[in-house]
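The values are calculated or read from the model by the stated rules, or taken from the named source; none is laboratory data. As the structure is a computational prediction, the values presented were derived from the model and not from experiment. Cβ coordinates were reconstructed from backbone atoms using ideal geometry, including for glycine residues, and neighbour counts include every protein chain displayed. Accessible surface is based on the protein model in full, side chains and every heavy atom, while ligands, DNA and RNA are left aside. Shrake-Rupley method; radii C 1.70, N 1.55, O 1.52, S 1.80 Å.
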Amino acid sequence: MSDKLKLSDLNSILKDLDVESLEGVTIEGDIELDIQGGGGMNPAMAYALGHEAAQISLHVANIARMLGYPVDQLFAQCLGAGGETAALQAEPAIEELMQTKFDVARSSEWNTPIQEVTLGATSADGGSRGHTITLGGEKAMPFYFDAEMPNRNYVTMDVFDMPISMAKSVKSNYEDVMGDPAEWAKKVVNEYNADMVTIHLISTDPLINDTPAKEAAKVVEDVLQAVDVPIVIGGSGNPQKDPEVLEKAAEVAEGERALLASASLNLDYERVAKAATDYGHAVLSWTQLEINAQKELNRKLMKQCNVPRDSIVMDPTTAALGYGLDYAYSNMERIRLSALMGDDELNFPMSSGTTNAWGARESWMKESPLKEDSDWGPREYRGPIWEIVTGLSLALAGNDMFMMMHPTSVQVLKEITQTLYGNIEAKTPDITNWITAEV
Amino acid sequence: MKINSPLDAYKYLPGTNCGRCGEDTCMAFASHLIDRSKSAEDCLPMVEEDKYAKKLEELEKLLAPEIREVTIGTGEKSVSIGGDDVLFRHKLTFFNKTAYAYDVTDTMDEKELEERINTIQTFKKFYVGEFLTLDMVAVRCVSGKPETFASTVKKVIGLTELPLVLCSFDPAVLKAALEVAADKKPLMYAANQENWKEVAGLAKEYEVPVTLFAPNDLDLLKSMAKTFAEMGIEDLVLDPGTFPTGKELKTTFENFLKIRRAGIDGDGEVAYPIMAVPLTAWMAYDDDVSASYWETVVASVLTVKYGDIMIMHSIEPYALLPEMHLRDTIYTDPRKPVTVDPGVWEVGSPTADSPIIVTTNFALTYYTVESDISSNKIDCYIVVADTEGIGVEAAVAGGQLTADKIKKTLENAKFDLKEKTNYNTVILPGLSARLQGDVEDKVGSRVLIGPADSGRLPGWLEKNWPPQNK
């Protein structure tokens, strides 16, 4: 069979044979399958021919393999199966990096922006604040590359209407202003760079001083006079007294678009909501680490109390680092993800009582009460970082506003969140040789 | 993990319910495969019988996490990093806590080296029934001399069992260190654009995991990962560079997000653990406190978002404590119950004269109280009320801790205060003071209000226990 095989020859050879295998075939010379412009070739015939040709080449290949020729490598090359080839080679001697491009998709699930809520009113809006603050507006998880974050995080610093007990390293910053909420407010704004001030009317608690609501409201007026940043008004946490206190406070702050803290399921939230809508304030919707309770309260505020969407901020509760932050973190993260995916009962900016970090013993206790623990080091440094890390992790979960206390904590938290926001210009060191850095 | 329901896993199992894995049914076993508390090899019939060999292989492939798991070190102290399947911890949990390595250098004198390593390997902090500790030592070659580095590495091995990261960009230096340390399976740091060929050779020769370093160049990082994988080196760790400040830090954060998202989304060429080097904060700040603070802040951001291993410098407790707690926070299994069983529990060997302390069944509260008492060798009873896993302050506000609950706990435990104790007095946590009257009425005992933090219980008990009159 030294002659060339033509299609017609193949056809005639195989036509009447039931070929299952070819045995004892010798092949000489080139094999050339000459398929010419098959005008009029029956597709079924072409398929049959193809099949037979493939069968033949398989047998031929088997023969070649028996003779020791690297058939598989040849096939792999022909068919483009590089891996097969590589496996057969002894060692890949890679001399050049295999070039490839990094690529990652943007999220397609996040299709609903977080509701924007503006706090504070300037003279143009009938208030007396120097500027306003807008929370929310995110279209992605915080600081993610999927979408620009329109508004940065803000810090509101705590001011109390009476001296309170607090960790030593916090207290040392406020001893001179403890008896005067207005001076206290000035200090946090002018010296500690607070974006906002939260005035906590804790003396109104019947178990503390039982200050009448009307009297407490005067403190709110004083603070509004003292500083021109937007304010948050907090009660004492007493569910019986708070609605009345917040009503009076809302009245004296009319037009300033304050944030009333808080409406919750365990008090008469309707009264708080009505105070907000009557006097043009926003309301803080506070629940305890429970996503469904948060949905329920937000729904009630919207449907039952007619609070407009642009006047609701949520506080899903902050548990301190080491004291349940895992729940607080996941709760916020789940709320924010659901919101971005379109849950309109959770689609609001969030606030964190980051000050709660000072409840953790690690932040204030002089040393560990446990003899087995390693030395905890000086608490002056431990406390602020406890508040920072508590807040920072929640910033990454989706938190927009931080209620804080320690000046160092405020400064560092603002620095890192604004850095991630892209707002901080800084010369960064050359890290290519960090291994030999002298530190 | 390519499958996520027990039913999917069940299809590959023998279905004989033989029970040799310790589960009653293959279905129960399947659900543990999905939550990773069991692995396919725990099914003994599949391992032993040839007819299941193919299915076992397929199942293992399907169960393999999206992000490759890399193990560094040997023995009990070895650490595994990576192995994750989700981008958000509440969806499954993050596996393998971020490994924290603290640095030493080959220019430290013997004493300094010894002290520092001692701090790193002995630092511990009690938390919820166990101690939080640090994981690794990173040895940096500052001298530039192979012999010096190798001898330091040798010293370090003599001082600690903790796994090591060997840091140098000079292949000769790395080789010298591997000569003395390879059998400890250290992580080699690092291959970069210049040295990758030699470093790949070392990784093959000594069979150790290796870090790829491409500061802010994800194309290069991916090209290196692809090339190394092609050479059969797959225990890889990716370092996209940790720029400590400014817009570059924002980019660093985004790089971490991008690499992990691509990996979880199925780009196998970058599905490896990620390394952060918050130590670079020390290159940006001069004073120790600022540098420590900023290092902790950078470490926190990258612990929350996908750093699997990091190299740090500060061993000040004010930096270590928050770092350790945050990583525990992020890597705690959100599906794990965090309560202890309600009841009346004994600490030490209490007698009829011992104090009876009330607390909640939130695991953290319980263990805090328990350890504060036991470490001070105080014998007492702890009454653990079922507050549905909520701490004292919140449980009082939310109505989970009430006089009725305390009464019920004592009744269920058949603990009669009048019969079993001499004082008929219980101690309430300081934060639940408002329950005092109610408890007195309903439990029929005297009530003392303890301190707000159980850390002060020892001192408080000295003054207030036993109560004045019976």
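Pairs, please: C-beta under 6 Å, at least 6 apart or cross-chain, first residue within 19 Å of A:Gly342 (Cα to Cα) and in segment A:274-297, second among the hydroxyl-bearing types (Ser, Thr, Tyr) and open to solvent by less than 60 Å² (accessible area, probe 1.4 Å)?
A:Ala293/A:Thr287; A:Gln294/A:Thr287; A:Leu297/A:Ser285; A:Leu297/A:Thr287
Do we have any residue at all in segment B:392-405 that's aliphatic (A, V, I, L, M), open to solvent by 20 Å² or more (accessible area, probe 1.4 Å) and over 19 Å from A:Pro239 (Cβ atoms)?
No, segment B:392-405 contains no residue that is aliphatic (A, V, I, L, M), open to solvent by 20 Å² or more (accessible area, probe 1.4 Å) and over 19 Å from A:Pro239 (Cβ atoms).
Can you pull out every residue in segment B:189-212 that is open to solvent by 10 Å² or more (accessible area, probe 1.4 Å) and either charged (D, E, K, R) or within 15 Å of B:Ile274 (Cβ to Cβ) (or both)?
Those that are open to solvent by 10 Å² or more (accessible area, probe 1.4 Å) and either charged (D, E, K, R) or within 15 Å of B:Ile274 (Cβ to Cβ) (or both): B:Glu194, B:Lys197, B:Glu198, B:Lys204, B:Glu205, B:Glu207.
Any chance segment B:229-242 includes a residue that's in the same structural domain as B:Val86 (by TED's automatic domain parsing) and free of Cβ contacts under 8 Å to residues at least 12 places away in the same chain?
Yes, because at least one residue in segment B:229-242 is in the same structural domain as B:Val86 (by TED's automatic domain parsing) and free of Cβ contacts under 8 Å to residues at least 12 places away in the same chain.
So, A:Ser128, is that one at negative phi and touching a residue at least 60 places away in the same chain (Cβ under 8 Å) or not?
Details: at negative phi: yes; touching a residue at least 60 places away in the same chain (Cβ under 8 Å): yes.
Yes.
Confirm whether A:Asp344 is assigned by TED's automatic domain parsing to the domain that holds A:Gly136, more than 23 Å from A:Leu284 (Cβ to Cβ) and among the acidic types (Asp, Glu).
Spelling it out, it is not the case that A:Asp344 is assigned by TED's automatic domain parsing to the domain that holds A:Gly136, more than 23 Å from A:Leu284 (Cβ to Cβ) and among the acidic types (Asp, Glu).
So is B:Gly129 touching an Asp or Glu at 6+ places or on another chain (Cβ under 6 Å) and either modelled with pLDDT of 95 or more or within 27 Å of B:Tyr306 (Cα to Cα) (or both) or not?
When the stated conditions are applied, B:Gly129 does not pass them.
List the number of the failed condition for A:Arg336; all other conditions in (1) crowded, with 24+ Cβ neighbours inside 10 Å; (2) touching a helix residue (DSSP H, G or I) at 6+ places or on another chain (Cβ under 6 Å) hold.
Against the list (1) crowded, with 24+ Cβ neighbours inside 10 Å; (2) touching a helix residue (DSSP H, G or I) at 6+ places or on another chain (Cβ under 6 Å), A:Arg336 comes up short only on (2).
Suppose we filter A:Thr122, A:Thr156, A:Thr132, A:Thr118 for residues that are crowded, with 21+ Cβ neighbours inside 10 Å, of a type in the set (S, T, N, Q) and out of contact with any helix residue (DSSP H, G or I) (no Cβ under 6 Å at 6 or more places or on another chain); which single one remains?
It is A:Thr156.
With the requirement that a residue be open to solvent by less than 20 Å² (accessible area, probe 1.4 Å), closer than 30 Å to B:Leu220 by Cα and in contact (Cβ under 8 Å) with a residue 40 or more places away in the chain, what does segment A:135-149 give you?
Across segment A:135-149, the qualifying residues are A:Ala140, A:Met141, A:Pro142, A:Phe143.
Have a look at B:Lys38, B:Lys111 and point out the one that is surrounded by fewer than 16 Cβ atoms within 10 Å (Cβ to Cβ) and either in contact (Cβ under 8 Å) with a residue 60 or more places away in the chain or not aliphatic (A, V, I, L, M) (or both).
B:Lys111 is the lone residue from the list that is surrounded by fewer than 16 Cβ atoms within 10 Å (Cβ to Cβ) and either in contact (Cβ under 8 Å) with a residue 60 or more places away in the chain or not aliphatic (A, V, I, L, M) (or both).
Please return the ranges of strands (runs of 3 or more DSSP E) entirely within segment B:303-381 where 1 or more residues are out of contact with any His (no Cβ under 9 Å at 6 or more places or on another chain) and either in the same structural domain as B:Asp416 (by TED's automatic domain parsing) or open to solvent by 10 Å² or more (accessible area, probe 1.4 Å) (or both).
On the way: elements: B:309-312, B:343-347, B:356-360.
Of the strands (runs of 3 or more DSSP E) lying wholly inside segment B:303-381, those with at least 1 residues that are out of contact with any His (no Cβ under 9 Å at 6 or more places or on another chain) and either in the same structural domain as B:Asp416 (by TED's automatic domain parsing) or open to solvent by 10 Å² or more (accessible area, probe 1.4 Å) (or both) span B:343-347, B:356-360.
Mind telling me which of the residues B:Phe123, B:Phe95 ends up being modelled with pLDDT under 95 and either open to solvent by less than 40 Å² (accessible area, probe 1.4 Å) or in contact with a Lys or Arg (Cβ under 9 Å, 6 or more places away or on another chain) (or both)?
Checking each option against the conditions leaves just B:Phe95.
Consider B:Ser290 carefully, then state whether it is farther than 19 Å from B:Leu218 by Cα, assigned to a helix (DSSP H, G or I) and more than 7 Å from every other protein chain (Cβ to nearest Cβ). Spell out how you get there, then give the answer.
On the way: farther than 19 Å from B:Leu218 by Cα: yes; assigned to a helix (DSSP H, G or I): yes; more than 7 Å from every other protein chain (Cβ to nearest Cβ): yes.
Yes.
Regarding segment B:127-136, can at least one residue be identified that is under 18 Å from B:Ile72 (Cβ atoms), open to solvent by less than 10 Å² (accessible area, probe 1.4 Å), of a type in the set (A, V, I, L, M) and more than 19 Å from the chain's Cα centre (by Cα)?
No, segment B:127-136 has no match at all.
Go through segment A:164-182 and give me each residue that's surrounded by fewer than 17 Cβ atoms within 10 Å (Cβ to Cβ), under 24 Å from A:Arg382 (Cβ atoms) and touching a residue at least 12 places away in the same chain (Cβ under 8 Å).
If the condition is that a residue be surrounded by fewer than 17 Cβ atoms within 10 Å (Cβ to Cβ), under 24 Å from A:Arg382 (Cβ atoms) and touching a residue at least 12 places away in the same chain (Cβ under 8 Å), then A:Ile164, A:Lys168, A:Met178 are the ones that fit.
It is to be established whether one or more residues within segment B:301-310 are in contact with a helix residue (DSSP H, G or I) (Cβ under 9 Å, 6 or more places away or on another chain), within 7 Å of another protein chain (Cβ to nearest Cβ), farther than 30 Å from B:Thr119 by Cα and among the hydrophobic types (A, V, I, L, M, F, W, C).
no
Consider B:Ala229 against the criteria (1) at the interface with another protein chain (Cβ under 10 Å from one of its Cβ atoms); (2) surrounded by 20 or more Cβ atoms within 10 Å (Cβ to Cβ); (3) over 22 Å from the mean Cα position of the chain (by Cα): it satisfies all of them except one. Which criterion is unmet?
Every listed condition holds for B:Ala229 apart from (2).
Mind checking which residues of segment B:101-138 are closer than 16 Å to B:Thr332 by Cα and of a type in the set (Ser, Thr, Tyr)?
B:Tyr127, B:Thr133
Return yes or no: is A:Ala216 assigned by TED's automatic domain parsing to the domain that holds A:Lys366, in contact with a Lys or Arg (Cβ under 8 Å, 6 or more places away or on another chain) and open to solvent by less than 10 Å² (accessible area, probe 1.4 Å)? Step through it out loud before you land on a result.
Details: assigned by TED's automatic domain parsing to the domain that holds A:Lys366: yes; in contact with a Lys or Arg (Cβ under 8 Å, 6 or more places away or on another chain): yes; open to solvent by less than 10 Å² (accessible area, probe 1.4 Å): yes.
Yes: the conditions hold for A:Ala216.
Which residues, counting only those in segment A:408-419, are of a type outside the set (D, E, K, R), over 17 Å from the mean Cα position of the chain (by Cα) and open to solvent by 20 Å² or more (accessible area, probe 1.4 Å)?
Once the filter is applied, which keeps residues that are of a type outside the set (D, E, K, R), over 17 Å from the mean Cα position of the chain (by Cα) and open to solvent by 20 Å² or more (accessible area, probe 1.4 Å), segment A:408-419 yields A:Thr408, A:Gln411.
Condition check ((1) at the interface with another protein chain (Cβ under 10 Å from one of its Cβ atoms); (2) open to solvent by 10 Å² or more (accessible area, probe 1.4 Å)) across all residues:
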site	(1), (2)
A:Lys371	yes, yes
A:Asp375	yes, yes
A:Arg379	yes, yes
A:Ile388	yes, no
A:Met401	no, no
A:Tyr421	yes, yes
A:Asp430	yes, yes
A:Trp434	yes, no
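On the given criteria, is B:Val297 at the interface with another protein chain (Cβ under 7 Å from one of its Cβ atoms) and not in a loop (DSSP other than H, G, I, E, B)?
Yes; evaluated as a whole, the condition is true for this residue.
Pull up segment B:50-74, narrow it to residues that are farther than 24 Å from B:Leu236 by Cβ and without any contact (Cβ under 8 Å) to a residue 12 or more places away in the chain, then point me to the one that is surrounded by the fewest Cβ atoms within 10 Å (Cβ to Cβ).
Filtering segment B:50-74 for residues farther than 24 Å from B:Leu236 by Cβ gives B:50-56, B:58-59.
If we keep only those that are without any contact (Cβ under 8 Å) to a residue 12 or more places away in the chain as well, we get B:50-51, B:53-54.
Values: B:Asp50: 6, B:Lys51: 9, B:Ala53: 12, B:Lys54: 10.
For segment B:50-74, the residue satisfying everything is B:Asp50.
Kindly provide the set of residues from segment B:254-273 that are buried (at least 24 other Cβ atoms within 10 Å of the Cβ), of a type outside the set (D, E, K, R) and either within 7 Å of chain A (Cβ to nearest Cβ) or in a helix (DSSP H, G or I) (or both), ordered by number.
B:Asn255, B:Ile259, B:Gly263, B:Val270
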